[in-house]
Each structure stands twice: as structure tokens, then as C-alpha cells.
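Below is one structure; the comments refer to it alone.
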Amino acid sequence: MYRKRPGSLIKHIDFLILDLLCLLASLLLGFYFRQNNMRLWGQEAYRSAFLLIAMMHILIAVFGSAYRGVLRRGPLEELVAVFKHIGLVLSFTVILLFFIKASDILSRLVIVYTWLLSFLTVYAERLLWKQILKRHMKSTSRQLLLVAGRENAERVLEKLKKRMLDFEVCGVVLLGEEDVGEQAAWNDAAASPAASTQYILDVPIVAKAEELPAYLAANVVDEVLLSISEREALPKALLHDCALMGLTVHIEYAVLDDLPGARYHEQIAGIDVLTSYTNDVSAVEEGLKRLMDITGGLLGVLLTGILCIFLAPMIYLADPGPILFRQKRVGRNGRIFAIYKFRSMYQDAEQRKAELMAKNEMKGLMFKLEADPRIIGSGPDGTRHGLGHFLRSSSLDEFPQFWNVLRGDMSLVGTRPPTLEEYEQYDIHHRARLAIKPGITGLWQISGRSDIRDFEDVVRLDTEYIRNWSLWLDVKILLKTVWVVVMRKGSR
């Protein structure tokens, strides 16, 4: 799912608010230093100054594009930008106060104090906040794969490195070149680039054009940027593979007449591109979904702690060992994370899975067995309903996943995260279900998860959820999940 870039004002509304707080705090402190009290609001002239500073700051910031390129500015550039902005805000404020005949009442010393304090606090705040944002962006940056000829690749990479902060270029796939050197074992997620791997501006060449689908299936890639010249043909087969995987594709040159999905024109690092995506989410929607996840995650973690008091001794007495089950799963666009559950199976469950594969009741890549002897208290033939069955049928075993939601690995609502074993067997179209964060619940879970016996039906439901995603859909799924869990529908 594609996150559209917000406009300059929405994108940097954090700076707008922080600067405003610094300006108003500076006026308040300036008044205190001069008058030795904080009763600024009791004097009409200072009330007017307070409101005018806020109004002038917002107007100048919006119409003067005060935050354009703010994250790319160095300390000296920021010093000049802050000097200009504070100067304009206070100058227009004083002029307006003169016209409303309040400037004579205003202390000149308060104005000087306000200017000095505003300049120092706004400058310090911007430098500090930019460091915090850059650190956050580095940890949450989207992985961008560049597909281009060598000449175009160098040009595009130069622009990306200068201007893009929320992307990390994970590699280059060269078009029209057979010899790209001996590549790393990129089908191993933990592999490092081989010594003979070629680089363009310190970015590794990771694959040839015909190897792109295999590379995408084995590595973390969020978006693909395709740059081709007018002399080169549009590689439609590659574009269709990317669309089938649910990946967002940016094309510098060409019209996507045959590419499925929505599309729109935008700029990436000053490069005009046409972007194709399965579904899009605005910054506001993404923020609200994350807020919902944090709220639900906090409540869920609290409930998990309470449940642990009762379930931990029950699990340990039934089968001495760890209370929590920890397993590596595959998240958004191939990211690996550790999922947590209350342990409902015996400790050797993973080792015994191979001998039970012949009894698998699920068609495709998932494993389901109703009478599973690996479940705690199920007996040798798996037909008894003991503690493990209770945890699974009541969905209490899922509660520790609220910690994953709080960490950001998962969402309250999403798709089911596959195991590494399942992921390694994925066909191209299966990868589309990884275009969004996995969730504790989802469309599959409320559609009778244990009644669905074909993995392709799971994929269909997951991709349907991604295509039609909205906040209201998440709310409906959450409400239906409560009903399904209480009534124990579709859970065995």
C-alpha cells in the first residue's frame, strides 16, 4: 500500500507548531524579564501582540514556504532561514500594532527580548527536531530498488542521495547489461554483498533484469523506481510482475496504459514520475491507523499482563517450559520479525510438524490440522480438548501479539504473517499479501479462518482487504472480530 507524500504544509506541520510554541514562549519570557510577572494576558496590547505573532507566523510560514527543504538545510542555512523568519514575523507584528495604536504601550525592551529569545529557541528547536526526525527516518525508511540503465542509474542516484531522506536505495538492477559481476547470495536475507559485487555511487548492483522477480521475492523492497531513456523499450513484463506482487512502481518515462492499479503523477527528488500502486493511504490516515494501533496495543499489553498471572502457571503445569512461544515471521514487504504467543503446543511442536504434513487439511502453503497431537492436552491422537485447545479456540494465545502491535511490527488489523518456511515457497502473486503490515485480525480471520481450507482463498481475502483498505473497514473488522471471538466462530 502506497503512502502518498503530503504537501509541504502538512508534511512539516510539526515544525509549524513547534516554532509557534517557541515564539509565544519567548514573548511570555520577554514580558517576564521586563515586568517581573507573568500577567501578560491582562494587558490588551500584549494580548494583541500574542495573537498577531501567532497569525503572522502561520501566514509567513505558509505563503513564504518557510519549511521547503528544511530537512536538507545545514546549520548555517538554518541560521539564515530562522533569522529571516523571526525578523519578518516580528516586523509585521510591530507594524500592525502601530496601526491599531498599541505599539506605544508595548515595551521596546520586551520586543528586543522576544526577538533574541525567539531566534535562539527556534534555531535550537529546529536543529534538535531535525536530528530526531532523521534518526526516526533512518530506522523506518522505505527500501527503494532502482531499475535503470547504467547512465540513468548514476544520474538518478545523484539526485536521490541529495534530496531523499525517507528512502534508502537498497540496490540497482541494470537494464541492458549481461555482465554485472558476481552477485551476492541475495536469496539469503542475511547475506552481505560479495567482494566482486559492482557498485554505482556506493549502491550495489544486485541483479540483472531477468533476475528482478526472484530478487523481489527474496528481499525487502517497498517500492521500485524505473528509469528508462526514450531509446529503451518499456519492460512491461517486469512492471506486471511488480504489480502482481503488490509493489508500488515509479516510472520516470512511459505511460502505464496496460499496468493494473491506480496511478498518479508526482515528483521524487525532483524527478517527474508516474506512480502505480494497489491502494494508497494519506499521511493523516496512516497516522490515525498508527494511533489506533498504539491505543489498542497499550490496552492489549495491559490485558496480556493480567492474563499472564493466570495462564502462566496453567501452561507451565501442563507442560513445563517457556510460557511464551516465539517464532520468526515475515512482515511488510519481507521484513523479518519475532512474533509472540502464549504457548498452546508442546515444546517439540516444530520438530514434529514434518511427520504430520501428510495429514495437512489445508490446500497450499499453510498447515492446518484439527486433531493436532502437538497441542497441549490433546492426547496421542489429538482429539482431546485440553488447555491448548482452550487457548486457541478462545484466541487467548494471540494476546502477546499486542506487544508486536505496540512495537510497530504488526497492526491490529492486517494480513496473517507467514512463517519463513511458507514465505520461501511463495509464488509471485502471493507476495501481494505482504504489501501491508500483518495484523492480529483481518478479513480472513472474521471469514471463518478454520473453515477456509485453500491457501489461495486466504490470499484472495488478504489482497481484497489491501485493495479496499480504509479506516472504517478496520473498525468494522475489529468489531466483527469481537463477535467472532465471543461466539467462537471459525476457530478450532
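Comparing Cys170, Leu88, Val405 along the charge dipole axis of the chain, the residue lying farthest to the positive side is Leu88, per the Cβ-charge model. Each of Ser393, Ile477, Leu120 was placed along the dipole of the chain (beta-carbon charges, centred on the mean Cα), and the one lying farthest toward the positive end is Leu120. Computed about its Cα centre, the charge dipole of the chain is approximately 2060 debye, with only Lys, Arg, Asp and Glu carrying charge at their Cβ. Sparsely packed loop sites in segment 13-70 (the trypsin sites (Lys or Arg not before Pro) outside DSSP H, G, I, E and B with at most 16 other Cβ atoms within 10 Å) comprise Arg39, Arg68.
Share of the chain's accessible area from carbon and sulfur, percent, 1.4 Å? Here it works out to 61 percent. Accessible surface for Val330 stands near 0 Å², nearest 10, in the context of the full protein assembly shown (1.4 Å probe). In the full protein context, segment 284-338 carries 57 Å² of accessible surface per residue, based on a 1.4 Å probe and ignoring ligands, DNA and RNA.
Taking every C-alpha pair closer than 8 Å and separated by at least 6 residues, the mean separation divided by the residue count of the chain gives a relative contact order of 12 percent. Once you list every other residue whose beta carbon is under 13 Å from the beta carbon of Leu406, what net charge do they have if Lys and Arg are +1 and Asp and Glu are -1? Charge balance near Leu406 sits at +1.
Taking Cα atoms only, the orientation of helix 455-467 departs from the longest principal axis of the chain by about 10 degrees. Once both labels are positioned 7 Å from their Cα atoms along Cα-to-Cβ, the gap between Cys308 and Glu424 label points is 3.2 nm.
Here segment 377-492 is treated with +1 on each Lys and Arg Cβ and -1 on each Asp and Glu Cβ, and its dipole about the Cα centre works out to around 460 debye.
Normalised per residue, the accessible area of segment 341-468 is 41 Å², obtained with a 1.4 Å probe and no contribution from ligands, DNA or RNA. With the simple model of a label 7 Å out from the Cα in the direction of the Cβ, Leu116 to Arg39 spans 2.6 nm. Peptides 371-383, 69-81, 387-399 ranked from most to least packed by the mean count of surrounding Cβ atoms within 10 Å: 387-399, 371-383, 69-81.
Rounded to the nearest 20, the Cβ-based charge dipole of segment 239-369 about its Cα centre (Lys and Arg +1, Asp and Glu -1) stands at 900 debye. Could you tell me how many degrees, from 0 to 90 and to the nearest 10, lie between the Cα long axis of helix 13-35 and the main elongation axis, the longest principal axis, of the Cα atoms of the chain? Helix 13-35 sits at roughly 40 degrees to that axis. Helix 108-140 and the longest principal axis of the C-alpha atoms of the chain enclose an angle of approximately 20°. Principal axis analysis of the Cα atoms in the chain yields extents of 92, 65, 41 Å, listed in decreasing size. Taking amide H as placed 1.01 Å from N in the peptide plane, Phe325 has its amide H under 5 Å from the amide H of Lys341, Phe342, Arg343, each at least 5 places away in sequence or on another chain. Each principal axis of the Cα cloud of segment 407-492 was taken in turn, and the coordinate range along them, longest first, works out to 35, 28, 25 Å. Entry note, segment 307-369: relative contact order of 20 percent, from Cα contacts under 8 Å with a spacing of 6+ residues.
Which entries in Lys341/Lys437; Lys161/Lys328; Lys328/Lys363; Lys289/Lys353; Lys363/Lys476; Lys84/Lys161 show an alpha-carbon gap greater than 26 Å? Pairs exceeding 26 Å: Lys161/Lys328; Lys289/Lys353; Lys363/Lys476; Lys84/Lys161.
The values are calculated or read from the model by the stated rules, or taken from the named source; none is laboratory data. None of these values were measured; they are calculated from a predicted model. Glycine also receives a Cβ, built like all others from the backbone with ideal geometry; neighbour counts cover every protein chain displayed. In case anyone asks, the SASA skips ligands and DNA or RNA and just uses the protein heavy atoms, side chains included. Shrake-Rupley method; radii C 1.70, N 1.55, O 1.52, S 1.80 Å.
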